[in-house]
Amino acid sequence: MIKKWVFALGVLGTVAATPAWAERDTAQFTSITVFGDSLVDAGNLYLSNGGTRPDPNLGYFQNRFTNGFDYPDLLSIDLFGVPTTPSLQGGGNFAYGGARVVDTGDVIPDLQAQLGAFQQSGRGIDPNGIYILNFGGNDVFGAKGFFGAEGAIGTYPTISSYLQAAAELYVSGVQTLNDLGARNILFTDFPLAGDPLTTEANGYLNTALAGLTLDADTDLLFYSLSDFNRRVLTNPAPFGLPQQRTDTTCIAAGAQTSGCVGIFSFDGIHPTAPIQAAGYREMNQRFGLTAVQAVPEPSSWALMLVGFGLSGFALRRRGKMRTVAA
């Protein structure tokens, strides 16, 4: 089983220090299981709606919600040579476009329904597998009335109570996976950069994380998509990307054949494939997803703690995850 100290990006900022790493032999992940929304859907929504959405005629790639593979696909390709397969085709990707954390009664399988489908699939828990959860965007869209004012937050009396419930249920999903036996869990925050409701939801998420009780050998990898998106939009060069246009989308600009280079959003909601790839590269670099795992040299601890500054970071120690803001 993969054993390591896990440091991750929090919602308050970016990591400034680069630690020296000491190699330690561990096995690679032996499987990938995905739960989430359209950012990581490998085709379940497309298969369930008769092939009408996402529309391949608009340049959506192999039933994904962008013009290329998403980051779980890229990880799967690096590890196994093939992208993830939707659960409706017998694979381990249970994500659906439109899914939320909170079940508001629509037909799309939300977090708990996806976890239930996994448990009923007979796949079982792979203790050497990685389990990815990517939710939150649709919950914020719902709070904004994106799906229509009526029923956008279900029976919750206020937007704040809805967002708090979403954060708590999200963390409950992480706890469920741990309790089922998952020992390598990667999850992301509410992803909309610079959005006040996203900031509020991520505050609730940080609070809820303090209540996690994980097994001693569970590695919890937390990656902030909201902060990644902010950094890509303000300074894309470190990611190997040109300045990103936000005044148009790839579809609106008719730039599908050029690969949507220099355009952040494919359709006004989903990032383009180059953005997905940049996020994957950073996750891989930070967590060593495809490489020999590592632990910090003792001499680098002080540098790391100084470098985090205002950043939050996650630490697995004796089965607990602590989110710290200095």
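A short reminder: the numbers here are calculations on the coordinates, not readings from a lab. Everything quoted here is computed from the prediction, not taken from an experiment. Note that we place each Cβ from the backbone using ideal geometry, even for glycine, and neighbour counts take in every protein chain shown.
Determine the percent antiparallel among the DSSP beta bridges restricted to region 30-291, to the nearest 5.
Bridges in region 30-291 are about 5 percent antiparallel.
Run the numbers on region 30-291 and let me know its relative contact order in percent, using alpha-carbon pairs under 8 Å that are six or more apart. Walk me through the intermediate numbers first.
Values: 477 pairs, mean separation 50.1, N = 262.
Reported relative contact order: 19 percent.
Name the residue from Ser172, Ala273, Ala99 whose Cα lies farthest towards the positive end of the charge dipole of region 30-291, charges +1 on Cβ of Lys and Arg and -1 on Cβ of Asp and Glu.
Ala273
Using 1/(1 + (r/R0)^6) with R0 = 25 angstrom and r between the beta carbons of Ser160 and Gln119, what's the FRET efficiency to the nearest 0.05?
E(calc), rounded to 0.05, equals 0.20.
Using the 10 angstrom Cβ neighbour count as an exposure proxy, how do Val232, Val40, Val261, Val102 rank, fewest first? All intermediate terms of the calculation are to be shown ahead of the outcome.
Details: Val232 21, Val40 27, Val261 14, Val102 24.
Going from least to most buried by this count: Val261, Val232, Val102, Val40.
How far apart, in nanometres, would the label points at Asp103 and Gln62 be if each is projected 7 angstrom from Cα along the Cα-to-Cβ direction?
For the pair Asp103/Gln62, the computed spacing is 3.2 nm.
Taking 0.36 nm per residue of sequence separation and subtracting the Cα-Cα distance, how much length would be gained by fully extending the chain between Asp179 and Ala291, in nm to one decimal?
37.6 nm
How large is the dipole of region 185-274 about the Cα centre if only Lys and Arg carry +1 and Asp and Glu carry -1, each at its Cβ, rounded to the nearest 20 debye?
Charge dipole, region 185-274, about its Cα centre: 420 debye, nearest 20.
From the phi angles alone, apply the Karplus equation (6.51, -1.76, 1.60; θ = phi - 60°) to region 207-215 and give each ³J(HN,Hα) in whole Hz, x where the residue is Gly or Pro.
Computed from phi, the couplings for region 207-215 are 5, 5, 4, 5, x, 5, 10, 9, 4 Hz.
So how do Val174, Val140 line up by other beta-carbon neighbours within 10 Å, fewest first?
Val174, Val140
Could you work out how far apart the two model spin labels at Asn49 and Val261 are, taking each label as a point 7 Å from the Cα in the direction of the beta carbon, and quote it in nm?
Taking the two extended label points, one gets 3.1 nm.
How far apart, in nanometres, would the label points at Phe80 and Asp247 be if each is projected 7 angstrom from Cα along the Cα-to-Cβ direction?
Result for the modelled spin labels: 4.4 nm.
Kindly identify region 134-208 as rounded, prolate or oblate by the Cα gyration tensor criterion: order the square roots of the eigenvalues as a ≥ b ≥ c, call it rounded if a/c is under 1.5, otherwise compare a/b with b/c, prolate if a/b is larger, else oblate.
Taking the square roots of the gyration eigenvalues as a ≥ b ≥ c, region 134-208 is prolate.
Could you list which residues have their amide H under 5 Å from that of Leu186, counting only those 5 or more apart in sequence or on another chain, with H placed in the peptide plane?
Tyr131, Ile132, Leu133, Leu221
For a test of the definition: using alpha carbon positions, the gyration tensor, and the 1.5 limit on a/c, classify region 30-291 as rounded, prolate or oblate. Could you put the intermediate results ahead of the total?
Values: a/c = 1.30, a/b = 1.14, b/c = 1.14.
Here region 30-291 falls in the rounded category.
Taking θ = phi - 60°, what integer Hz values does the Karplus form 6.51 cos²θ - 1.76 cosθ + 1.60 yield along region 249-259, in sequence order, with x for Gly and Pro?
Running phi through 6.51 cos²θ - 1.76 cosθ + 1.60 with θ = phi - 60° gives 10, 4, 5, 4, 7, x, 9, 4, 5, 8, x Hz.
For Ser224, list long-range residues whose amide hydrogen, built 1.01 Å from N in the peptide plane, is under 5 Å from its own amide hydrogen.
Sorted by chain and number, the residues that satisfy this are Leu9.
If I take R0 = 25 Å and measure r between the Cβ atoms of Ala210 and Arg230 in this structure, what FRET efficiency does the formula 1/(1 + (r/R0)^6) give, to the nearest 0.05?
Working: r = 24 Å, r/R0 = 0.96.
Computed FRET efficiency for Ala210 and Arg230: 0.55.
Averaging sequence separations of C-alpha pairs under 8 Å and six or more residues apart, then dividing by the length of region 67-139, give the relative contact order as a whole percent.
Value for region 67-139: 22 percent.
If the only charges are +1 at each Lys and Arg Cβ and -1 at each Asp and Glu Cβ, what is the size of the charge dipole of region 80-236 around the Cα centre, to the nearest 20 debye?
Numbers: 6 positive and 15 negative charges, 64 e Å.
I would put it at about 300 debye.
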